[in-house]
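Okay, structure first, notes after.
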Amino acid sequence: MKQRIVTGLILIVLATLWLMSSPVGLFLHGLIFIVFIGAFEYSQFFIKNRVNDERFLSSPREYIELNGTMDLLKRLVYALVMVLACLLSHSLINDSSGLDSVFLEDRNVHLIFSKNGHVWLQLIFVCSALWWLLAAFLVFTYPRSAGLAGSSVFKSVGGFFYFVPFFLATYILRCQSFGTDSQIGTVSILSVMVLVWAADSGAYFVGKACGKHKMSPHVSPNKTFEGLAGGVVLALVIFAVLACFGCYGNAFQNCWPALTVAAVVTVIFSVIGDLWESLLKRDSGIKDSGFIFPGHGGMLDRIDSLMAALPVFLITFAGMFKILG
């Protein structure tokens, strides 16, 4: 428990510094590192380990010998492919004028789905929305969906829809600005993170107190619809408090309906992101995705909810603004 608390505090400090203090270039490098580690961990869901990654800490040589050099190389190559896919998507939406060409006016994310928005970006995020709807279907129908969800081909190809939209959404949210408010990008990401953490806490306590109807008993027996409702309510309360204290500045003053809908949908799909990783681990017989964070497991164990929450927030906010704005 002590190790878990210490690691958690260090992670909070490092994540906050990375989000709030690093220039865009350093932020991009940190995001690439997250994708690489996450993709390497993800690859074990379809490139089977003979022993779990945790063995590397106690005996690196034995870990390599038992798993086989070729399988480890395959996993490294897959992680590199995911990084290259993210960088390629970044280059497709960038030109000599930078991200201004994507956001058109003051680099606002609500313009992504406008008629002058970037076609590649719109296509990637539409595919991301479809992917998470499919993931939700597979989670709620497991184990009947085990044939597709457990397919190595499906999981390997699915990585592109898992990592690329997460990478782009995080980078785009970080880079957005509103007039002279250059910190709104950082505030947006931190707000999504706070929503996810608040929802997780609300779901835990409400689920413990009165949870009866299980969301996906074969994937995560402790998650209930009552807990989900409690998580949504607490997240909206936190969202309202942040708004009252002016945490969003002037950037979203005309976007509250779209932002509120985005907050609710984001919380719901953050749970889907958590359940999806739980399904992958259960199907592969793995407890933790990795060992990079002592007491907390791997990279995916820490960001599974955000993998869905960040792209879904951006997609829903931009989409609802187009409809309501």
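The values are calculated or read from the model by the stated rules, or taken from the named source; none is laboratory data. Every value quoted in this text rests on a predicted model; they were computed, and no experiment measured them. Here the Cβ positions follow ideal geometry from the backbone for every residue, glycine too, while neighbour counts run over all protein chains shown.
Using the structure shown, decide if K223 is among the charged types (D, E, K, R) and under 19 Å from A308 (Cα atoms). Judged against the criteria, K223 is a match. In summary, G297 fulfils each of the numbered conditions (1) closer than 23 Å to S152 by Cβ; (2) in contact with a helix residue (DSSP H, G or I) (Cβ under 8 Å, 6 or more places away or on another chain) with the single exception of condition (2).
Taken as a whole, the stretch 202-220 holds no residue that is buried (at least 19 other Cβ atoms within 10 Å of the Cβ), closer than 27 Å to S89 by Cα, in contact with a Ser or Thr (Cβ under 7 Å, 6 or more places away or on another chain) and not aliphatic (A, V, I, L, M).
Among the helices (runs of 4 or more DSSP H) lying completely within the stretch 57-175, list those that include at least 1 residues that are at pLDDT 90 or above and crowded, with 19+ Cβ neighbours inside 10 Å. Counting at least 1 such residues, we get 69-93, 119-141, 146-149, 152-175. A single member of F313, F293, F269, F245 is over 22 Å from G38 (Cβ atoms) and among the aromatic types (F, W, Y), and it is F245. Do you know which residues across the stretch 260-289 are assigned to a helix (DSSP H, G or I) and more than 18 Å from the chain's Cα centre (by Cα)? Matches in the stretch 260-289: T260, V261, R282, D283, S284. Taking the stretch 290-325 as the range and being farther than 25 Å from F137 by Cβ, assigned to a helix (DSSP H, G or I) and of a type in the set (F, W, Y) as the test, only F321 passes. Within the stretch 30-56, the set of residues being of a type outside the set (V, I, T), part of a helix (DSSP H, G or I) and modelled with pLDDT of 65 or more comprises G30, L31, F33, F36, G38, A39, F40, E41, Y42, S43, Q44, F45.
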